[in-house]
1. With no solvent and one equal point scatterer per Cα, compute the Debye intensity ratio I(q)/I(0) for the stretch 284-376 at 0.14, 0.20 Å⁻¹ and report its log10, rounded to two decimals.
2. Quick one: length gained pulling Glu39 to Lys118 fully straight, 0.36 nm per residue minus the C-alpha distance?
3. With the cut-off at 20 Å, tell me which of the pairs Lys66/Lys111; Lys66/Lys145; Lys47/Lys298; Lys145/Lys298; Lys111/Lys298; Lys81/Lys111 have Cα atoms farther apart than that.
4. I'm a student and want to see the number: the projected area of the Cα convex hull of the stretch 34-112, averaged over all directions, in nm².
5. Residue separation times 0.36 nm, minus the C-alpha to C-alpha distance between Ala57 and Asn322: what's the value?
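Values in this text are rule-based calculations from the coordinates and carry no lab data. Values in this document were obtained by computation on a predicted structure and should not be read as measured data.
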Amino acid sequence: MPTTYRPYAPDQDLLLQPRLQEWLPEGHLSYFINDVIEELDLSVFYKAYEGDGRRKAPYEPRMMLKVLIYAYATGVFSSRKIAKKLEEDVAFRILAADNFPQHRTLCDFRKRHLSDFKAVFVQVIQIAQQAELISLGTVAIDGTKVRANASQHKAMSYKHMQAEELSLKQEIGELCDQARSTDADEDGLYGADHRGDELPEELHHRQTRLAKIRDAKARLEQAQREADTARGRHKDDDRKPPGRGRRYKRDFGMPEDKAQSNVTDPESSIMKTAEGFQQCYNGQLAVDRDFQIIVENKLTANSSDNSELLEVLAGVEHNLDNRPEAVLADAGYRDESRFKVLEQRHIDGYIALGRKDKDSNEIDTERLPATGRMAEK
């Protein structure tokens, strides 16, 4: 007897209009995202489009939010890949209801409303908590380096800034003299429509660069003043520390020559990555262990993770009005003082003290008691 196969007719027309919601199993994440967004206050997203009936009809903000949040929740971050998913992925098509915004439209929407995404994020995880999709028993924290939109070659040392500032000031002075000497000639050459006192393009470029260098110097000096103050120094102190024989290497608030700042993206900093040293930010995430939902995120220009542990946990507590019972993190978060704070707050910390494949040094439990207790756990 020949084998009988199930019917398969890919070119057959559907007799009834399909209902997209029937194409995914009940309980799918896309349904939860859809229901959550419908419950949020999205007035701030709609306000930007009010009062201009002449504009081309924009896409529904709640539809765009559903698509973007679902994309990020499932690990799709590229606007081009999201646009492709809207054509190929059933869950994306259900959330978009067969709208197909282009990748540029998705990217522009995200940029335009970027400041409001934090509030939406908090609302989403609060609703997820109420829906018992967040247990907050244990959270896992980790950081990753995120490349800045700037070249590390645009980072300058403080010493280089000082030399460059002097050079640019001299060049600008020479160009100003040149500009003044040519004013009369330009008036005669270009007529009344040309002012004749405009600065050459070279001078404009140098003035802009000089302004950026001065801003970068000021940031380094301000950061150093704050660091010196935190160490107990005062601006009126002399160069000699009280009770010590050796003098300070620097005046109060003066950065070291090797201190760096980037003139293109001053909020980023140079960090060590798998591809070498790059201009980066350090992104921090806290994830609920049981449901794999992000419950806090943070971006910093500090390449070290250990100073961010308590900050991230404070963000979790603020978002969910509750403190996690335990926290997991790698050795980048190892720090005696922060281990003590975890104990004081009754948060059961499991922080690695080193790499598993390397022998760790003996811990001085008298000097580092909290680290010793962490090692025992």
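1. -0.53, -1.03
2. Numbers: separation 79, 0.36 × 79 = 28.44 nm, distance 1.63 nm.
Extending this stretch completely gives an extra 26.8 nm.
3. Lys66/Lys145; Lys47/Lys298
4. On the way: hull surface 21.2 nm².
Averaged projected area of the stretch 34-112's Cα convex hull equals 5.3 nm².
5. Details: separation 265, 0.36 × 265 = 95.40 nm, distance 4.24 nm.
So the extension gain works out to 91.2 nm.
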